[in-house]
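Visitor: Got a structure here, written out as structure tokens. Questions coming.
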Amino acid sequence: MTDADLARWEAAERSGHRALGPDASGERILALIAEVRRRPAVKKIAALAMSGFGRRADARRALEAGFDAHVPKPASIDDIKAALQKV
């Protein structure tokens, strides 16, 4: 995770975004969301994980890392909306 990663989340918080779907993958994104959740300035933004894997273990890892929801790809806009409504 880089300072630039965190700066993007903090900019989203300042601009009033309520949800983000960060564009990163694997361990990097899991580390990023874990760090974000430790920072008061950005921890209340809803975070949606999307991955090409629909396995329960992948969803569990994303949720344990700090994501609010997990949607497997390919996802329709309705899938994304439904996930965000649960957050």
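The values are calculated or read from the model by the stated rules, or taken from the named source; none is laboratory data. As the structure is a computational prediction, the values presented were derived from the model and not from experiment. Because the Cβ atoms are built from the backbone with ideal geometry, glycine has one as well, and the counts that use them run over all protein chains shown.
Visitor: So Arg18 fits all but one of (1) exposed (fewer than 13 other Cβ atoms within 10 Å of the Cβ); (2) of a type outside the set (Asp, Glu); (3) modelled with pLDDT of 75 or more; (4) under 13 Å from the mean Cα position of the chain (by Cα); what number is the exception?
Guide: (3)
Visitor: Cβ-Cβ distance below 9 Å, separation of 6 or more or different chains: which pairs start in region 26-54 with a residue that is under 14 Å from Asp68 (Cβ atoms) and touching a residue at least 40 places away in the same chain (Cβ under 8 Å) and end on one that is charged (D, E, K, R) and part of a helix (DSSP H, G or I)?
Guide: Cβ pairs passing all conditions: none.
Visitor: Test each condition in (1) without any contact (Cβ under 8 Å) to a residue 40 or more places away in the chain; (2) among the hydrophobic types (A, V, I, L, M, F, W, C); (3) surrounded by 14 or more Cβ atoms within 10 Å (Cβ to Cβ) for Ala57 and report the one that comes out false.
Guide: (3)
Visitor: Let me ask something additional. Quick one: which residue in Arg56, Arg39 is at pLDDT 85 or above, more than 13 Å from the chain's Cα centre (by Cα) and of a type in the set (Lys, Arg)?
Guide: Working: Arg39 fails: at pLDDT 85 or above.
Checking each option against the conditions leaves just Arg56.
Visitor: Check Ser51, Ser76 and return the single one that is touching an Asp or Glu at 6+ places or on another chain (Cβ under 6 Å) and at pLDDT 80 or above.
Guide: On the way: Ser76 fails: touching an Asp or Glu at 6+ places or on another chain (Cβ under 6 Å).
Exactly one residue qualifies, and that residue is Ser51.
Visitor: Let me ask you something else. Hey, can you tell me all the residues within region 35-50 that are crowded, with 19+ Cβ neighbours inside 10 Å and of a type in the set (Gly, Ala, Ser)?
Guide: Ala47, Ala49 - these are the residues of region 35-50 that are crowded, with 19+ Cβ neighbours inside 10 Å and of a type in the set (Gly, Ala, Ser).
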